[in-house]
Structure formats: structure tokens, C-alpha cells
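The structure under discussion appears below in the form of C-alpha cells.
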Amino acid sequence: MDQRVETRLPNPIRPAFERGRRDDEVVVSIGPSHPATHGTIQLIVALDGEKVSRVDVHCGYLHRGFEKECEDHTWHNLIPYIDRLNYCSGLVNDFAYCETVETLMAIEITPRCRYLRTLLSEYSRIADHLTCVAASLMELGAMTAFLYLVMLRDYVYEHLADLTGARLTYTYGRIGGLARDLPEGWLDRLDWILGQYDTFVGRIHGLLDRNRIFIDRMRDVGVLTTAEAIDYGFTGPMLRSTGAALDLRKDTPYLAYAELDFEVPVGIKGDNYDRYYVRMREMDESVHMIRQLVDLLPEGPISVDDRRCTLPDKRLVYTEIESLINHFKLIMEGPLVPAGEAYVAHEAPNGELGFYAVSTGGGSPYKLHVRSPSFVHMGGTHRLLEGYQLADIVPTFGSVNMIGGECDR
Amino acid sequence: MHPAILDLMLEKLAPSCSEASISPRMLVLSVPATAVLDTARRLKTDFACDLFLDVTAVDWLGHTPRFEVVYHFYSTEHKIRVRVKTRVPESEPVVDSLLPLYGAAAFMERECHEMYGIVFRGNADLRPLLLYEGFEGHPLRKDYPKTREQPLVSYRK
């Protein structure tokens, strides 16, 4: 006998049910699969033939003790870590976090920083939605559409790499500003990429919107009403696809959104097709906003002139004692954030991304909690899957756009 | 400047709270642990706070009562947020579950339970969610050492 058969590994989860509601139902465990393949998640599913009758969602396979780790590092040192929450749109995480700390420190960022953050948030939203739509389409076998969208996404990622130095984990936000200003010619390239976007997204609409196979897989699958969505705390495109025009950028404007002209696209019945369409339309709105922001972008400094948080110029650090000490204190002790608590939420591509920070006056947070949309959405995902076919799990789960990094933290 | 509804809410809710204040666009209420469910119900029915955003806890180690449970609500009608805070002692870290009011509470309370050991009375399903079955202790408590390891499968030699 092979000895390995004898030593059974412990089961990390305890399913909510061992058998289905009826005797002839089969209980199947689906996942977890590799993070790159849409979701490190495990579903325990009771099947009545091909029909899903009951679902128990298990997440946590990407849990890395994010909140515990945050309590052990300075406010500034957390930024690279914050990037890795929603790794498809790291900049939105950065800016929401920085604004939380700035709220506690009562810092008002410079106008150029405000507009740049808005522009980059919208640019990230495009990248995030492109990834989500592309991945869900690929899972349905639409390879051409996938390649078009991922090509666009890679234009965006490489363009952001020109600015920040990284494709995904940018570490670009700073408390009180940004890491660096736009490089030469960045806005020209942006204009070209947005032109490419128009061309290729037009082709996607042509390929999919009235495609019989696509509609059969997406229409009336994973339906959710507005009341249910709100009950489960859904936000973002998930909630808007049910027809509720709720968007923090409109309702509680932050950054420069109050000055922009844009619409909040909504769906009709909250099914997979609506979630696809809402995301496509949101990207159009983002492009519209970016074009306005390029025109509005003012000149000026990108970081506030505040010695409590902004690092002094490197040349000064090497030549004068005050700046050297300032630099040393900011790096070793971290910015001293006044005692208090703050909750700041931004409209991330997936929904309301909130940071709840508690400071006791030190250089690192006493507590930092992330209200991540993916985690909350996982709490209601079983409602989207129950009652549909086993094969519908793939497009429905794709349309939820669960990001393991921010769900499991 | 804050929306007028916040003043009205403050006026109506302050008598039943131990502390109430307004920070920009947010109402902050401190209530006794026994009044959480009632406060949430009033927020939902009287002031349309229909979106349950979040629940978490803060471990004030060395203070009594030790834990502060923090809730965030959002009103999709008035576009305002409400934070409800309550203190619970280490010996009996129990609050009522908000499950009767919000479906979202099921998952979020599970997370808060495993991370801080807060017991949500009325939430029958407090299985580990981000952690695994058999995990000892509550990792976000301040007295849980960050370097402690509990591998489920022993490390490869």
C-alpha cells in the first residue's frame, strides 16, 4: 500500500452542508483554482442534475494577514501593500488610502494632484473593466474579443508603467501627493490609446451585443433585484446593473468628479448581460471623463508642501541638516498622524472601496480596515448561482469580478 | 457643510445614545451593546440607511471595556453615512447580529468574529471564513503575536 493514501490532509473548510436537500442531489466541490484563472475561491455546490440547488462560498485562499501587517508598518510604507488589494486597478486603492490619511491629517492636496488622481482613477477603471470583460468573454470561448480587449489593457498597463515604473503594483500615490509628475509626451500617448479604445471597443460591441450564443449564455442568468442587491450590500456595477443609479462619484463627489460631465449607466434586470453592458458603458464614460480632465489639468506642484508627510527633495537631503533629519524621521518613524478615526470611500471599479483607519497619534496605524467590494459581493454570490445551471457558474462568477487580493486581504 | 438630514437624525437619535456627533457627511453614534440592533432598525426604517457597509472591531488592549465594535451604514436615499460604535468587554464580547435587517451581515460578522472573537448573537453561521477550520485564537487582537505560525500542513524539510 502506498503510504501517502493513509495520511490524509486536514480539510481547511467545513462546508455548510454535507448533502443536498434531496437524496438524489450530488454535492460537488469546485475550486480553488489558480488566482490567474478568475478567482481563488471554493464553491461547495449541491447539484440536482445539472441544476445548482445550493451554494456555499468559501474564500480566504489568498488571505495574507493584510490588516495585521498594516499595524506594524508606517503609514507611508503601507502604500506598496495597498496596491495589492485590487491588483487590476492598484491606483484607485492608493488614492483612496492616501485620502484617508490626508483626512486624518487635515491635508488638502494640490489642484494638479487632484485632477491627476481623478484621471488616473478613471484610467484604472478602464483597465479593470477591460480585464473583467475580457476574462469573462474568454471563459465563454470568445477568443477574438478577449485578445482585442487584453491588447487594449496592455496598452494601458504599459502606458502606466511609463509613468509609475510598474505594470500592476504602482506604489504611485503618496500621502499629500503623488510620486512623480507625468513624463514628457505621456498625454499624447494617452490620446492615441483612447483612439484605439474607441476602435476596438466598437468591434467588441459588433461581435457580442447581438450575438445569439452570447445572449443565450448571459441574458436572464444570474438575475438579482435592486432590493436584494442592497440587502447584500452590493455596490458598483453589480448594483447599477439592477437599475439603481447609485455611484459615489455622483452622490458624494470626491476628487474632481463634481466638475466633470458624465452619466451613470444602469442595467434593466440585473443579469449577466446587464453587468457586461454596464461595464462597457462605464468605460465609455471614463474615456469621456479623461478627455475632459486632460483639458482641465492645471499646472503646479503635485505634492503639498508639508513637512509632516512630504519627503524633502533629494538634493536638499544631501546638502542640509534639516532636510536630512526630516527625511530620516519620515522614513524611520513615519508621518505622525493625529489621533482620530476616518472612513473614506471611493468608487472603485468593483464598488465602494472604503478604508477605516484609527490613529493614536503614531507613525503607523492603530487599525486599518478595508471595506472591499469583492468580499461583500462574495456574501451574496450564492444568490446569483442558485437555481441556474452548473455551466452558468462560469459566466456569472466572471461577471461578479471577484478579485482575490481585495476579497481575502 | 453637511446635509440637513444629519441634524434631524442627530436630534432624533441622540437621546438614546451615549454620544452623538456629526463629522462631514457622517453621523457618529455611540450606543450600549444592547441597543445596537434597535439603533440599526431605526436607522433603516426611519432614515433609509438601507446599505450595510461594514462591521469591524478595534481592540483597545488595556482599556475596559476592551473591544469597540464599529458599524458603517449608508443611506442610498440621503447619500449620507452613519457610524455606530459600541463597547463590549473581553469577558463577554457579545452583540446582537444584524442579520434580521441586512443579508450582508452574515459574511461581515463572520469575518469580525474570526478576527476579533466578537460573538454575534443570532448569527448561527460563524464558521471561519478567511482563516481555516481549527485556527486557534483571533489574529487581529493586539495580544496575538504577528509572528505566530499555525501551518495546517507542516513545512517541507
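The values are calculated or read from the model by the stated rules, or taken from the named source; none is laboratory data. Remember, it's a predicted structure, so these values are computed and weren't measured experimentally. Backbone-built Cβ (ideal geometry, glycine too); neighbour counts: all protein chains shown.
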#### Entry: Residues located in the stretch B:1-34, provided they are under 13 Å from B:TYR71 (Cα atoms) and not in a loop (DSSP other than H, G, I, E, B)
B:MET26, B:LEU27, B:VAL28, B:LEU29, B:SER30, B:ALA33
#### Entry: Members of the stretch A:235-244 that are more than 10 Å from chain B (Cβ to nearest Cβ) and of a type outside the set (S, T, N, Q)
A:GLY236, A:PRO237, A:MET238, A:ARG240, A:GLY243
### Task
For residues that are under 16 Å from A:ARG281 (Cβ atoms), out of contact with any strand residue (DSSP E or B) (no Cβ under 8 Å at 6 or more places or on another chain) and not in a loop (DSSP other than H, G, I, E, B), tally how many sit in the stretch A:204-244.
6
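Residues checked against (1) assigned by TED's automatic domain parsing to the domain that holds A:ALA96; (2) of a type in the set (S, T, N, Q); (3) over 24 Å from A:THR118 (Cα atoms):
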{"residue": "A:ASP306", "(1), (2), (3)": "yes, no, no"}
{"residue": "A:LEU336", "(1), (2), (3)": "yes, no, yes"}
{"residue": "A:ALA339", "(1), (2), (3)": "yes, no, yes"}
{"residue": "A:ASN350", "(1), (2), (3)": "yes, yes, no"}
{"residue": "A:ALA357", "(1), (2), (3)": "yes, no, no"}
{"residue": "A:HIS369", "(1), (2), (3)": "yes, no, no"}
#### Entry: Pairs where the first residue, in the stretch A:198-222, is assigned by TED's automatic domain parsing to the domain that holds A:SER241 and in contact (Cβ under 8 Å) with a residue 60 or more places away in the chain and the second is outside any helix (DSSP H, G or I) and of a type in the set (Phe, Trp, Tyr), C-beta under 7 Å, 6+ apart
A:VAL221/A:TYR388; A:GLY222/A:TYR388
### Message
Tell me whether the stretch B:73-87 contains one or more residues that are acidic (Asp, Glu), in a loop (DSSP other than H, G, I, E, B) and without any contact (Cβ under 8 Å) to a residue 24 or more places away in the chain.
### Response
no
### Pair list, Cβ < 6 Å and 6+ apart or interchain, from the stretch A:145-161 residues that are small (Gly, Ala, Ser) to residues that are surrounded by fewer than 19 Cβ atoms within 10 Å (Cβ to Cβ)
A:ALA145/A:LEU207; A:ALA161/A:ARG167
## Note on the structure
If we keep only residues of the stretch B:98-111 that are surrounded by 23 or more Cβ atoms within 10 Å (Cβ to Cβ) and more than 15 Å from A:MET378 (Cβ to Cβ), then the residue farthest from the other protein chains (Cβ to nearest Cβ) is B:LEU98
### Summary
Within the stretch B:112-157, residues surrounded by 22 or more Cβ atoms within 10 Å (Cβ to Cβ) and either farther than 30 Å from B:ARG41 by Cβ or over 15 Å from the mean Cα position of the chain (by Cα) (or both) come out as B:LEU129, B:LEU130
### Task
Please give the helices (runs of 4 or more DSSP H) falling wholly within the stretch A:78-190 in which 3 or more residues are of a type in the set (A, V, I, L, M) and surrounded by 18 or more Cβ atoms within 10 Å (Cβ to Cβ).
A:90-105, A:111-139, A:143-164
### Query
Quick one: how many residues across the stretch B:31-72 are within 24 Å of A:ASP251 (Cβ to Cβ), more than 10 Å from every other protein chain (Cβ to nearest Cβ) and buried (at least 19 other Cβ atoms within 10 Å of the Cβ)?
6
### Task
Using the structure shown, decide if B:PHE107 is touching a residue at least 12 places away in the same chain (Cβ under 8 Å), touching a Gly at 6+ places or on another chain (Cβ under 6 Å) and not in a strand (DSSP E or B).
yes
### Task
Would you please name the residue that is nearest to A:GLY65 (Cα to Cα), looking only at residues in the stretch B:117-141 that are within 11 Å of chain A (Cβ to nearest Cβ) and touching a residue at least 60 places away in the same chain (Cβ under 8 Å)?
B:LEU140
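Within the stretch A:82-95, is there a residue that is assigned by TED's automatic domain parsing to the domain that holds A:LEU336, hydroxyl-bearing (Ser, Thr, Tyr), within 30 Å of A:ARG153 (Cβ to Cβ) and at pLDDT below 90?
Taking the stretch A:82-95 and keeping what is assigned by TED's automatic domain parsing to the domain that holds A:LEU336, we get A:82-95.
Subsequent filtering for residues that are hydroxyl-bearing (Ser, Thr, Tyr) retains A:87, A:89.
Adding the requirement that they be within 30 Å of A:ARG153 (Cβ to Cβ) leaves A:87, A:89.
Then drop every residue that is not at pLDDT below 90, which leaves A:87, A:89.
Yes, because at least one residue in the stretch A:82-95 is assigned by TED's automatic domain parsing to the domain that holds A:LEU336, hydroxyl-bearing (Ser, Thr, Tyr), within 30 Å of A:ARG153 (Cβ to Cβ) and at pLDDT below 90.
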### Message
For the stretch A:253-265, which positions are under 19 Å from the mean Cα position of the chain (by Cα) and in a loop (DSSP other than H, G, I, E, B)?
### Response
A:PRO253, A:TYR254, A:LEU255, A:VAL264, A:PRO265
### Summary
Only one of A:TYR276, A:TYR257, A:TYR232 is within 12 Å of chain B (Cβ to nearest Cβ) and hydroxyl-bearing (Ser, Thr, Tyr), namely A:TYR232
### Summary
In the set A:ASP83, A:ASP48, A:ASP23, the lone residue that is under 27 Å from A:GLU352 (Cβ atoms) and either over 17 Å from the mean Cα position of the chain (by Cα) or away from chain B (no Cβ under 14 Å) (or both) is A:ASP83
### Failed condition for A:HIS73, given (1) in a helix (DSSP H, G or I); (2) more than 16 Å from A:LEU163 (Cα to Cα)
(1)
### Message
Between a residue in the stretch A:224-250 that is not assigned by TED's automatic domain parsing to the domain that holds A:ILE403 and any residue that is of a type in the set (Gly, Ala, Ser), which pairs come within a Cβ distance under 6 Å, given they are 6 or more apart or on different chains?
### Response
none
